[in-house]
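Heads up: the structure comes next, in structure tokens.
The values are calculated or read from the model by the stated rules, or taken from the named source; none is laboratory data. Note that the coordinates shown come from a computational prediction; the quantities given were computed from them, not determined experimentally. Glycine gets a Cβ as well: all are built from the backbone with ideal geometry, and neighbour counts include every protein chain shown. In case anyone asks, the SASA skips ligands and DNA or RNA and just uses the protein heavy atoms, side chains included. Shrake-Rupley method; radii C 1.70, N 1.55, O 1.52, S 1.80 Å.
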Amino acid sequence: MLSAILITYDNEDTIREAYGLCEAAGYKVDKLIRQRFLNKATYGIGEGKMLEIKEISDRIKPDVLIYDEILKPSQNYNLASKLKINILDRESLILEIFERRATSAESHLQIKLAQFRYEMSRAKEKVRLAKQGEQPGFMGIGMYEVDSYYNDIQNRIKSVKSKLEKMGKQRALHREGRRRVGLKTISLAGYTSAGKTTLFNLLTGESKQESPELFTTLSTTTRKVTIDKDPVLVSDTVGFISKLPAYMIEAFKSTLEELKYAEVVIVVIDISDNEMELRKKFRSCIKTMADLDVDQERVIYALNKSDLVEPDEILKKAKFLGLTNSKKWIPVSAVTEQNISKLLELVKKMMSAPPQQIKEIPRKQDLSKFYEQDDD
């Protein structure tokens, strides 16, 4: 595993996620640098802190410096030229993770598209630096003029998009075929590492890789199951994450669009998180689903890992997220199978009845019914 210096915000939850990203990309953090602000003009950090990091870097000689925020090309160049090591910002780190985790032909293409769009957003500044002689031969493709460089990336994007569109059309044909025979789809969504794949395995009897690491799932997996003698399809999708740029969501749209066409979307939330983490992750899920035009009337919120949280605390957190005004949330545990039969009952009601006919979830006085032993 390669060694890294990590620069991130001075917040325990943010630090925990940043460590998870580093580990998922194959980096071991040898030194953590905490900062209140990561948006200074020249280096992202102040010059004094940069000099301090240079001393640390010269001493421990890491393979890379990981910057847990989005850097402009000029900031990246300024840091690299001073520290004499490779710099990865949050976006490029996530792209590395995606590249490591890709298993299907489609996910490989989606990652290529995201990488090209990452380059496209930085092309102008890279060309400017190259013309000044500050980045000769960047990307190993020589001193391109800006138009040639742009055209080269655009042509690659066009080629990849064409292949993905063909796959998307094939997916649409499959959806239409399922619709004709009356097969309905349940899609699992949620923040990365919330427990989607564990729930998917429980519902389908599959043995997909489960891991606390981020982005275990990059490709949509769909399996046929039976709920009360009715065949349905269950799909697991790529996890969401905060500050995921629009171009990355767009690159994975052909996979994530399954959420848009599903009859029911189960958003898996790790209810064992603290309130600050819950809010960040919940907002990220809501924003991503809005970007994908997912109908909120078809969404169920599964408050996963409820076996780790007291019932009163679950209700408090549900209120904190504003879910107690909704009819479609339920505490579950994908590990102990707590309330899974009740989750499936709610899914069936949503598939067979208009949203206004779904019964209200019990309030605090009878929340205990959720903690009775499931019959199955």
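Values for this structure:
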quantity: Qualifying residue in segment 241-264 (condition: under 18 Å from residue 334 (Cα atoms), in contact (Cβ under 8 Å) with a residue 12 or more places away in the chain and not β-branched (Val, Ile, Thr)); calculated: no
quantity: In segment 156-173, the residues that are open to solvent by 100 Å² or more (accessible area, probe 1.4 Å) and out of contact with any Leu (no Cβ under 7 Å at 6 or more places or on another chain); calculated: 158, 165, 166, 169, 173
quantity: Considering residues of segment 55-88 that are under 26 Å from residue 242 (Cα atoms) and of a type in the set (Ser, Thr, Tyr) only, the residue nearest to the chain's Cα centre (by Cα); calculated: 67
quantity: Segment 148-177 residues that are touching a residue at least 60 places away in the same chain (Cβ under 8 Å), paired with ones that are β-branched (Val, Ile, Thr) (beta carbon under 9 Å, 6 or more apart); calculated: 171/220; 171/255; 175/185
quantity: Cβ-Cβ under 8 Å pairs, at least 6 apart or on other chains, segment 265-285 side free of Cβ contacts under 8 Å to residues at least 60 places away in the same chain and hydrophobic (A, V, I, L, M, F, W, C), far side part of a helix (DSSP H, G or I) and open to solvent by 20 Å² or more (accessible area, probe 1.4 Å); calculated: 278/320
quantity: Top-ranked residue in segment 176-211 [being within 21 Å of residue 350 (Cα to Cα) and in contact with a Ser or Thr (Cβ under 8 Å, 6 or more places away or on another chain); ranked as surrounded by the fewest Cβ atoms within 10 Å (Cβ to Cβ)]; calculated: 178
quantity: Flag for residue 326 being farther than 22 Å from residue 256 by Cα, surrounded by 22 or more Cβ atoms within 10 Å (Cβ to Cβ) and either touching a Pro at 6+ places or on another chain (Cβ under 7 Å) or of a type outside the set (A, V, I, L, M, F, W, C) (or both); calculated: no
quantity: Hits in segment 48-67 (condition: assigned to a loop (DSSP other than H, G, I, E, B) and loosely packed, with under 14 Cβ neighbours inside 10 Å); calculated: 61
quantity: Test: residue in segment 21-41 that is open to solvent by 90 Å² or more (accessible area, probe 1.4 Å), modelled with pLDDT of 95 or more and either part of a strand (DSSP E or B) or not charged (D, E, K, R) (or both); calculated: yes
quantity: Among the residues listed as 70, 45, the single one being aliphatic (A, V, I, L, M), more than 20 Å from residue 160 (Cβ to Cβ) and open to solvent by 70 Å² or more (accessible area, probe 1.4 Å); calculated: 70
quantity: Sole residue being over 26 Å from residue 182 (Cβ atoms) and at pLDDT below 80, chosen from 244, 315; calculated: 244
quantity: Subset of segment 58-85 [of a type in the set (Phe, Trp, Tyr) and over 20 Å from residue 30 (Cα atoms)]; calculated: 77
